[in-house]
1. Where the label is 7 Å out from Cα toward Cβ, how close does residue B:139 come to the same position in every other copy, in nm, shortest first?
2. Arrange the peptides B:155-166, B:116-127 so that the one whose residues have, on average, the most other Cβ atoms within 10 Å appears first.
3. What nm distance separates the two modelled labels at residue B:226 and residue A:335, each placed 7 Å from Cα along Cα→Cβ?
4. Mean-square fluctuation check for chain B, GNM, Cα pairs under 10 Å: which of B:51, B:273, B:89 is largest?
5. Rounded, prolate or oblate: which fits the range B:238-337 when a ≥ b ≥ c are the square roots of the eigenvalues of the alpha-carbon gyration tensor, with rounded for a/c under 1.5 and prolate only if a/b beats b/c?
6. Using Cα atoms only, what is the angle between the long axis of helix A:181-192 and the major principal axis of chain A, expressed in degrees (0 to 90) to the nearest 10?
7. If I take R0 = 60 Å and measure r between the Cβ atoms of residue B:34 and residue A:175 in this structure, what FRET efficiency does the formula 1/(1 + (r/R0)^6) give, to the nearest 0.05?
8. Return the single residue from A:301, A:222, A:90 with maximal mean-square fluctuation; model: Gaussian network over chain A, springs between Cα atoms under 10 Å.
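A short reminder: the numbers here are calculations on the coordinates, not readings from a lab. Note that the structure is predicted; figures quoted are calculated from it, not measured. Here the Cβ positions follow ideal geometry from the backbone for every residue, glycine too, while neighbour counts run over all protein chains shown.
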């Protein structure tokens, strides 16, 4: 706590704007040596914002509009399902059930990923079938087992509200007909890029507050590196963005990225999920069949690393992963028209 | 604006606790005479809180627990429907579709009433089949076309989370087994009693700020009284709490309160809906068949008062009703376990 305050002073004094990652580096070099420096240096704190694409600048107007669209159930054919139904802010911006439930109670075959920090991912969906959030945003609206509404109809719905036509005009100034699919995607992506979880104990630790993680969490960090978890779970979101073959025992057959690419090498391959907020985004894996984080760590060790971890190591890693739970975005309910 | 600030000073200076209704009376006697005093005196401003039952004292712990339960989708059998699905804070704490959509997309036969100010109602549901919010709270959880979960199973679900067992212990101290149906109802009712919308232009006007309503809204107020709307729409929530026969042309047949009481005199009778926030809780009537507030006013005049209002009068009343839109509760998302 003392060190947090000290770095707060440092931030205000030296680095006034977007100081998080700069401070991260400064913090590391200033940090006490707690014996874990070589491990700590393998990780990166979460930047304040993910990369912003050059053709979708992040503006207040787009973020506000995107927030309205994210909570808007009338762009689903039932009228009651919105993005926030499955990406529920009260449940870590996911749903905490094994597989997503959508239109008319239909159950999808995959677990809902959290949208938190999703702007830091190199591709979207478990199978990576979209490159970015703009590409991802429209899929669930028209998917027959999710929101089940034709995009044309969704656009018509939005156009029927003056509050929306005005907001689209403000968010996309100078366009003749701004209420369109592309702009819905851009606004949703913009809002989602603000849903980040900074200042987890892990981030504060990486920025130099050596007391932000417990000794057990530091042991977990070392075990995470020494056992090879970091080979795939690396970078600010703790994912390499790559696809790895992974078959759950007893899980329903899901051919993963193969369905998209048709490449045999992609059979049963899924994108490495990020680990930020993993403590609050259970259940785990692409089919959501595992509730317990310790069990998930064991399964990963066996399947991906071919090793069996002792119970103490699993507990240490589990506690380390809990240190990755950051501050939830402070989002209030929008007032929809 | 000047007068609002003045009454703010007055409130702080003279009446420190729950001063709204006291101030209301003081304000009225101090108010400028704008020519509408005889009409103004027929109405009551919304108190800060509705009546609190003696066997369910309103405590911070119950309100917090009730808020969690209100947003908890895992007490529905699909795992994605919560009270907040139909009573959506982004949509005036209702759903803005004609009839409620629940489990597996089933469509109910009645329009979702807002929970805003529902603690001021003398009975609950369109047919008044429950006396109070405690009686109302459990119905939608077990209703087969709403959340569709047996209450026993809902209780088991809640008991499986330590965060809930702890909260129930705190909210109902000294009880051996506090996670039970009665307490779920009490906590939900407590939360709902905080969902009030004070300080609408109408309330500020009634409390003495003669500039809080426009001249048109004041004309609408006079027309509302002179045409007899106030006969049923009276009291702080603008409802008499009574049941009146009302058949919508073209609406599906719904026998209303008769289904509950079996009394012929209750056939097609529904409880007078409150009018607070009516501008943001469309569509209207028990079957939600009317979107437009002006059309709803016309239908009411014809059906209930046997009169045809001229267009100007309807517009005046409509603007008056918009003055009843108050400040929405400032509710953030709970962090569910």
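1. 4.1
2. B:116-127, B:155-166
3. Output for this residue pair reads 3.1 nm.
4. B:51
5. Here the range B:238-337 falls in the oblate category.
6. 30
7. Step by step, r from the Cβ atoms, then E = 0.85.
8. A:90
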